[in-house]
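Report on the following structure.
The values are calculated or read from the model by the stated rules, or taken from the named source; none is laboratory data. Keep in mind that this is a model prediction, so the values were computed, not measured. As a convention, Cβ positions derive from the backbone with ideal geometry for all residues, glycine included, and neighbour counts pool all protein chains shown.
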Amino acid sequence: MQPGPLSHLAQEIKEAAEHHRGKDYVSDTYLDFFLELSLLHLEEGGGIADLEKTRIPDEDQAQQRLAEGFFLLDPDHVAVHEDEARKMLGHVAAVYRKYNPPEAAEADAFEKAADAGRVTGLVLVQHGIHRHEMDFEALGREGGVTRETALFFSENLARPALRSLAALCGDRVLDKQWLKGYCPVCGNWPNLGFHVGEEGVRLLHCSMCGFVWTFRRLVCPHCDCEEQDRQRYLFTDPKSPYRVDVCNKCKIYLKTVDLRKDTRSAPLVPWIEDPATLFLDIMANKEGYKRP
């Protein structure tokens, strides 16, 4: 793994899921849910972003934005192909119904809202940029669903669109130029951290566009706290590559994989690794920590 936009082939995604299949720490059904979504993003979501109409900062503009602490993508400057977004929404809704039968009415309501024009592909993708600043309660009301359902559909349309845009403009971010804990491309928080190489360089993986960037060790990505007595980590086995970095100032956690300890032969795909390590989320939650 190295800094820059991250992409995987369908076979790599499948092999990554197989690595976790049959293990006692994650159910196969839960794993299959995210496997199907990940394959959908790859195989059906590539045409959602309108790469020609989306306004991407040129080299000089990008450097100015990054120097001032702004990420590259502006929600107001993003364009989408609405027909591709609607098709993707239908695919995602089908997966949602398959794995969440009791909540099928939520998917039905959201699709009806999309057909009526109350929810558009553009709005869903825009809500995926810098999403912690977005009002998903209002989006849920427009879609006739709960906040959680609106967030789910926004994430699963925005992720493939933002990955396409990250591949387009990610080369404008120079390694070690960006020292913020949020993504330099789309402004979202990381869902995973990694330690790589002999020196254990710390990398962060964006939860939405999949961009990877270098970050400082022993610093909280969320609140930038450098006080060592407030930074600690949780683990189930000191020999395991998995741990949870936690900050006692902001009470935010980040799941981390130390690739120096990881001996798997299968590909490591963050979109699979995140749900497969649900046990780490549970451990962190029990200790009073949360995700951003």
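So, in the range 116-151, how many residues would count as being closer than 19 Å to PHE71 by Cβ, of a type in the set (A, V, I, L, M, F, W, C), outside any helix (DSSP H, G or I) and touching a helix residue (DSSP H, G or I) at 6+ places or on another chain (Cβ under 7 Å)?
Here the count works out to 1.
Residue check: is ALA161 under 26 Å from GLU137 (Cβ atoms), assigned by TED's automatic domain parsing to the domain that holds ALA93, modelled with pLDDT of 95 or more and surrounded by 15 or more Cβ atoms within 10 Å (Cβ to Cβ)? Please lay out each step first, then the result.
Working: under 26 Å from GLU137 (Cβ atoms): yes; assigned by TED's automatic domain parsing to the domain that holds ALA93: yes; modelled with pLDDT of 95 or more: yes; surrounded by 15 or more Cβ atoms within 10 Å (Cβ to Cβ): yes.
Yes, satisfied.
If I ask for residues that are surrounded by 15 or more Cβ atoms within 10 Å (Cβ to Cβ) and either under 20 Å from the mean Cα position of the chain (by Cα) or not hydrophobic (A, V, I, L, M, F, W, C) (or both), which ones from the range 58-73 would you list?
Residues satisfying the conditions are GLN63, ARG65, PHE70, PHE71, LEU72, LEU73.
Which number in (1) in contact (Cβ under 8 Å) with a residue 40 or more places away in the chain; (2) surrounded by fewer than 18 Cβ atoms within 10 Å (Cβ to Cβ); (3) over 19 Å from PRO184 (Cα atoms) marks the one condition that ASP108 misses?
It is condition (1) that ASP108 fails.
Hey, among LEU179, LEU234, which residue is more than 24 Å from MET134 (Cβ to Cβ), of a type in the set (A, V, I, L, M), surrounded by fewer than 23 Cβ atoms within 10 Å (Cβ to Cβ) and touching an Asp or Glu at 6+ places or on another chain (Cβ under 7 Å)? Break it down stepwise before answering.
Details: LEU179 fails: touching an Asp or Glu at 6+ places or on another chain (Cβ under 7 Å).
Checking each option against the conditions leaves just LEU234.
Every residue, every condition in (1) closer than 25 Å to ALA49 by Cβ; (2) surrounded by fewer than 19 Cβ atoms within 10 Å (Cβ to Cβ), yes or no:
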site	(1), (2)
CYS183	yes, no
HIS195	no, no
HIS205	yes, no
ARG217	no, yes
PRO221	no, no
ASP229	no, yes
TYR242	no, no
SER265	no, yes
GLU273	yes, no
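Go over the candidates LYS251, LYS290, LYS255 one by one and state the one that is within 18 Å of TRP189 (Cβ to Cβ), surrounded by 22 or more Cβ atoms within 10 Å (Cβ to Cβ) and of a type in the set (D, E, K, R).
LYS255
From the set of residues in the range 9-44 that are small (Gly, Ala, Ser), in contact (Cβ under 8 Å) with a residue 40 or more places away in the chain and in the same structural domain as CYS186 (by TED's automatic domain parsing), which is farthest from ALA276 (Cα to Cα)? Walk me through it before giving the result.
Looking only at the range 9-44, we keep the residues that are small (Gly, Ala, Ser), and these are 10, 16-17, 22, 27, 38.
Now drop any that are not in contact (Cβ under 8 Å) with a residue 40 or more places away in the chain, which leaves 16-17, 38.
From the residues that got through so far, the ones that are in the same structural domain as CYS186 (by TED's automatic domain parsing) too are 16-17.
Numbers: ALA16: 10, ALA17: 8 Å.
In this case the residue turns out to be ALA16.
Which residues, counting only those in the range 172-185, are more than 24 Å from THR277 (Cα to Cα) and assigned to a loop (DSSP other than H, G, I, E, B)? Give the steps one after another, and end with the answer.
Step one: of the range 172-185, the residues more than 24 Å from THR277 (Cα to Cα) are 172-180, 184-185.
Of everything in the range 172-185, those that are more than 24 Å from THR277 (Cα to Cα) and assigned to a loop (DSSP other than H, G, I, E, B) turn out to be VAL173, LEU174, ASP175, LYS176, GLN177, TRP178, LEU179, LYS180, PRO184, VAL185.
How about the range 130-158: which of its residues are buried (at least 24 other Cβ atoms within 10 Å of the Cβ) and in contact (Cβ under 8 Å) with a residue 60 or more places away in the chain?
Of everything in the range 130-158, those that are buried (at least 24 other Cβ atoms within 10 Å of the Cβ) and in contact (Cβ under 8 Å) with a residue 60 or more places away in the chain turn out to be PHE153, LEU157.
Can ASN156 be described as part of a helix (DSSP H, G or I), among the polar types (S, T, N, Q) and either at pLDDT 95 or above or within 23 Å of ARG243 (Cβ to Cβ) (or both)? Before the answer, list the steps.
On the way: part of a helix (DSSP H, G or I): yes; among the polar types (S, T, N, Q): yes; either at pLDDT 95 or above or within 23 Å of ARG243 (Cβ to Cβ) (or both): yes.
In short, yes.
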